[in-house]
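See below for the structure under consideration.
The values are calculated or read from the model by the stated rules, or taken from the named source; none is laboratory data. Predicted model, so just to flag it, every value in this text is computed and none were measured. Heads up, the Cβs are rebuilt from the backbone with ideal geometry, glycines too, and the neighbour counts pull from every protein chain shown.
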Amino acid sequence: MLIKKSADIGYSEVTPKSLYFNRRSFLAGIPAAFLGARELLSPSRARAGTKLPDLAKSPFSTSEKESTYNDVTHYNNFYEFGTSKEQPAEYAKNFKTTPWTVSVDGEVAKPRKYSLDDLMRVAPLEERIYRHRCVEGWSIVVPWAGYSLSALLKQVEPTPKAKFVAFQTYYDLGQMPQARYAGIELPYVEGLRIDEAMHPLTMLTLGMYGETLPPQDGAPVRLTVPWKYGFKSAKSLVKIRLVEKQPPSTWNITNAHEYGFYSNVNPAVDHPRWSQATERRLGELRRRPTLPFNGYADQVASLYTGMDLKKFY
Amino acid sequence: MLRSRWNKIALFLVCLAPFARLLWRYRTDDLTPNPIEFITHFTGDWAIRLVVATLAITPVRKLLHLPDLIRFRRMLGLFAFFYASLHFATWFGLDKGFDMHEILSDFTKRRFIIAGLVAYLCMVPLAITSTKGWIRRLGGRRWQLLHRLVYVTGVAAVIHYYWLVKSDIRLPLLYGSLVAILLAYRGAIALWPRRAPAVS
């Protein structure tokens, strides 16, 4: 498979801040003030994770500016820990993630249960700086730590019948009392086609910012699929099952009209309630254009040759 | 006690407090990682709360025999309009950046935007005609008829909220139930005037 580095939007294409801010005289001063202050405030915050050993650099990383750790840990969609963006940081604080096992089974020759330590040793951990685009129209750039999910899947030896991969995440009302208000069926389930799951960009993620994952970002192990809307990247995984038929996915069950199985980032296919043409990068005020496949088209567009992406949204 | 000038001033300050809090959160760099979304939700929350409070005045004053509550209705309504205007301006200017193309396409394609716009536009004539002069000019009866537009605002605002959320519908349902009760009370009075509780 040919893996090219994607063409990122150059800073030259971005409207200078000064021009942009002048249009907003009624709220002048807001942007510069908080952009500046936030940078100063966030690094001092205590981090929840444990430092990971040296991470290999990855050619898949973008050179775009990373989002601040504070933004990525205080603006989360993790409905098991509350439906607002601020709640997961609070309600997931004491999430107990040890011991942890992930079962990998289904259409495989060697089904296996992995402990967290096992998972840490499947392949060398790499740092990969990916763009992450939420279906709601905001985005972040995160230095994840992990490896290609394919490394794990190859260990269990999928049979020819394995056409899809189903993911299930942790669910326990005792640890997640807010989950009763989530309004979605739980446990959270997601799915990928086998070729999507085996694509080198698809990550099994065990850390971010050089540390283990904080609870609100999907500790201790999550999926990262950078060319799909964020909800496909399921958090706190407990089951990975290789299956023959397309598995159900939570948001598709909740509202099939709005959330498809594929959910590839696509500026040309609007969400029924809002446009997907632009996004707001956290830390920036002006919306920026959303790129097809979130800027990973060169690497992944070929997976969907001949498919009508309006139909398979 | 309700007639005191001071409690009008007190209510004014209470209604202004959320706005002061918003300014404070801006000053202290506490507008969350997505400030525009936060301001949008914050002002929208206060707009709908004050719309409900405005709608509650008439039933509460009749049921609790507190006729003087009427003194506060205009202020609540105008503050609802104030927060709704901030909400609208945040979306229009900060979120959409005055991009008329996107704004117009939102108007035609996004039903939750349309519901929000209906709710807001119905408030505009009410805010304009909220003065004593306008009540005189229109005449009490016509003025009252015009100001029933606030019922449309209440219903449209709830629909706007309900269509907006992804799956957690607790708050839209809460506001929806309150608006439904407050409007049902009026309906009951209109349909069965004699059985209605004694009006003071």
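Return the only residue of B:Leu13, B:Leu22 being of a type in the set (A, V, I, L, M) and either surrounded by 15 or more Cβ atoms within 10 Å (Cβ to Cβ) or touching a His at 6+ places or on another chain (Cβ under 9 Å) (or both).
On inspection, the qualifying residue turns out to be B:Leu22.
Keeping to region A:99-131, report how many residues are within 16 Å of A:Tyr147 (Cβ to Cβ) and of a type in the set (D, E, K, R). Before the answer, list the steps.
At the first step, the residues of region A:99-131 found to be within 16 Å of A:Tyr147 (Cβ to Cβ) are A:102, A:104, A:114, A:116-130.
When the remaining residues are screened for being of a type in the set (D, E, K, R), the result is A:117-118, A:121, A:126-128.
Counting residues in region A:99-131 that are within 16 Å of A:Tyr147 (Cβ to Cβ) and of a type in the set (D, E, K, R) gives 6.
Report whether or not A:Trp144 is among the hydrophobic types (A, V, I, L, M, F, W, C), within 16 Å of A:Gly218 (Cα to Cα), at pLDDT 95 or above and in contact with a helix residue (DSSP H, G or I) (Cβ under 6 Å, 6 or more places away or on another chain).
Working: among the hydrophobic types (A, V, I, L, M, F, W, C): yes; within 16 Å of A:Gly218 (Cα to Cα): yes; at pLDDT 95 or above: yes; in contact with a helix residue (DSSP H, G or I) (Cβ under 6 Å, 6 or more places away or on another chain): no.
Against the criterion (among the hydrophobic types (A, V, I, L, M, F, W, C), within 16 Å of A:Gly218 (Cα to Cα), at pLDDT 95 or above and in contact with a helix residue (DSSP H, G or I) (Cβ under 6 Å, 6 or more places away or on another chain)), A:Trp144 does not qualify.
So which strands (runs of 3 or more DSSP E) are wholly in region A:216-300 and hold at least 2 residues that are closer than 30 Å to A:Val156 by Cα?
The qualifying strands (runs of 3 or more DSSP E) are A:222-224, A:237-243.
Looking at (1) in contact (Cβ under 8 Å) with a residue 12 or more places away in the chain; (2) in a loop (DSSP other than H, G, I, E, B); (3) at negative phi, which is the only condition B:His65 fails?
Here B:His65 meets the rest and fails (3).
Just the residues that are in contact (Cβ under 8 Å) with a residue 60 or more places away in the chain and not small (Gly, Ala, Ser), please, taken from region A:160-172.
Within region A:160-172, A:Lys161, A:Lys163, A:Phe164, A:Val165, A:Phe167, A:Gln168, A:Thr169, A:Tyr170, A:Tyr171 meet the criteria.
Looking at A:Pro124, is it surrounded by fewer than 22 Cβ atoms within 10 Å (Cβ to Cβ) and touching an Asp or Glu at 6+ places or on another chain (Cβ under 6 Å)? Quick ask: steps written out before the conclusion?
Numbers: surrounded by fewer than 22 Cβ atoms within 10 Å (Cβ to Cβ): yes; touching an Asp or Glu at 6+ places or on another chain (Cβ under 6 Å): no.
Judged against the criteria, A:Pro124 is not a match.
Report yes if B:Ser200 is of a type outside the set (A, V, I, L, M, F, W, C), exposed (fewer than 14 other Cβ atoms within 10 Å of the Cβ) and at pLDDT 95 or above, otherwise no.
No.
Considering B:Gly176, B:Gly97, B:Gly116, which residue is within 11 Å of chain A (Cβ to nearest Cβ) and either among the small types (Gly, Ala, Ser) or assigned to a helix (DSSP H, G or I) (or both)? Before you say what the answer is, go through the steps one by one.
On the way: B:Gly176 fails: within 11 Å of chain A (Cβ to nearest Cβ); B:Gly116 fails: within 11 Å of chain A (Cβ to nearest Cβ).
Checking each option against the conditions leaves just B:Gly97.
Counting just the residues of region A:111-128 that are out of contact with any helix residue (DSSP H, G or I) (no Cβ under 7 Å at 6 or more places or on another chain) and in contact (Cβ under 8 Å) with a residue 60 or more places away in the chain, which one comes out farthest from the other protein chains (Cβ to nearest Cβ)?
Among residues in region A:111-128 that are out of contact with any helix residue (DSSP H, G or I) (no Cβ under 7 Å at 6 or more places or on another chain) and in contact (Cβ under 8 Å) with a residue 60 or more places away in the chain, the one farthest from the other protein chains (Cβ to nearest Cβ) is A:Pro124.
Name the pairs whose Cβ atoms lie under 6 Å apart, with the first residue in region A:242-259 and within 14 Å of chain B (Cβ to nearest Cβ), the second in a loop (DSSP other than H, G, I, E, B) and modelled with pLDDT under 95, and 6 or more positions between them or separate chains?
Close Cβ pairs (under 6 Å, with a partner that is in a loop (DSSP other than H, G, I, E, B) and modelled with pLDDT under 95) amount to A:Thr254/B:Ser167; A:Glu258/A:Pro272.
Residues of region A:92-121 being surrounded by 15 or more Cβ atoms within 10 Å (Cβ to Cβ) and under 21 Å from the mean Cα position of the chain (by Cα), which ones?
A:Ala92, A:Phe95, A:Thr97, A:Trp100, A:Val102, A:Ser103, A:Val104, A:Leu116, A:Leu119, A:Met120 - these are the residues of region A:92-121 that are surrounded by 15 or more Cβ atoms within 10 Å (Cβ to Cβ) and under 21 Å from the mean Cα position of the chain (by Cα).
Using beta carbons and a limit of 6 Å, which pairs, at least six apart or on different chains, have the first residue in region A:278-307 and farther than 26 Å from A:Asn76 by Cα and the second one aliphatic (A, V, I, L, M)?
That search, which allows pairs on different chains as well, returns A:Gln299/A:Ile3; A:Gln299/A:Leu201.
Out of all the residues in region A:32-51, is one or more among the hydroxyl-bearing types (Ser, Thr, Tyr) and modelled with pLDDT of 95 or more?
Checked region A:32-51: no residue is among the hydroxyl-bearing types (Ser, Thr, Tyr) and modelled with pLDDT of 95 or more.
Do you know which residues across region A:264-309 are aromatic (Phe, Trp, Tyr) and within 14 Å of chain B (Cβ to nearest Cβ)? Walk me through it before giving the result.
Going through region A:264-309, the residues aromatic (Phe, Trp, Tyr) turn out to be A:274, A:293, A:296, A:304.
Listed by number, the list holds a single entry, A:Trp274.
Which ones in region A:173-186 are part of a loop (DSSP other than H, G, I, E, B) and either free of Cβ contacts under 8 Å to residues at least 24 places away in the same chain or among the acidic types (Asp, Glu) (or both)?
Here is the first cut: in region A:173-186, the residues part of a loop (DSSP other than H, G, I, E, B) are A:173-176, A:182-186.
Listed by number, the residues that qualify are A:Leu173, A:Gly174, A:Glu185.
Specify which of the listed residues (B:Phe88, B:Phe42, B:Phe81, B:Phe38) is away from chain A (no Cβ under 14 Å), of a type outside the set (Val, Ile, Thr) and either in a helix (DSSP H, G or I) or buried (at least 16 other Cβ atoms within 10 Å of the Cβ) (or both).
The match here is B:Phe81.
In region A:68-87, which residues are more than 7 Å from chain B (Cβ to nearest Cβ), surrounded by fewer than 23 Cβ atoms within 10 Å (Cβ to Cβ), touching a residue at least 60 places away in the same chain (Cβ under 8 Å) and not β-branched (Val, Ile, Thr)?
Once the filter is applied, which keeps residues that are more than 7 Å from chain B (Cβ to nearest Cβ), surrounded by fewer than 23 Cβ atoms within 10 Å (Cβ to Cβ), touching a residue at least 60 places away in the same chain (Cβ under 8 Å) and not β-branched (Val, Ile, Thr), region A:68-87 yields A:Tyr69, A:Asn77, A:Gln87.
Suppose we filter region A:246-264 for residues that are under 11 Å from A:Val189 (Cβ atoms) and touching a strand residue (DSSP E or B) at 6+ places or on another chain (Cβ under 7 Å); how many remain?
Number of matching residues: 4.
Among B:Thr54, B:Thr28, B:Thr58, which is surrounded by fewer than 17 Cβ atoms within 10 Å (Cβ to Cβ), touching a residue at least 60 places away in the same chain (Cβ under 8 Å) and among the β-branched types (Val, Ile, Thr)?
Of the residues listed, the single one that is surrounded by fewer than 17 Cβ atoms within 10 Å (Cβ to Cβ), touching a residue at least 60 places away in the same chain (Cβ under 8 Å) and among the β-branched types (Val, Ile, Thr) is B:Thr58.
Could you run through region A:129-186 and say how many residues are more than 22 Å from the chain's Cα centre (by Cα), within 14 Å of chain B (Cβ to nearest Cβ) and either buried (at least 22 other Cβ atoms within 10 Å of the Cβ) or of a type in the set (D, E, K, R) (or both)?
Result for region A:129-186: 1.
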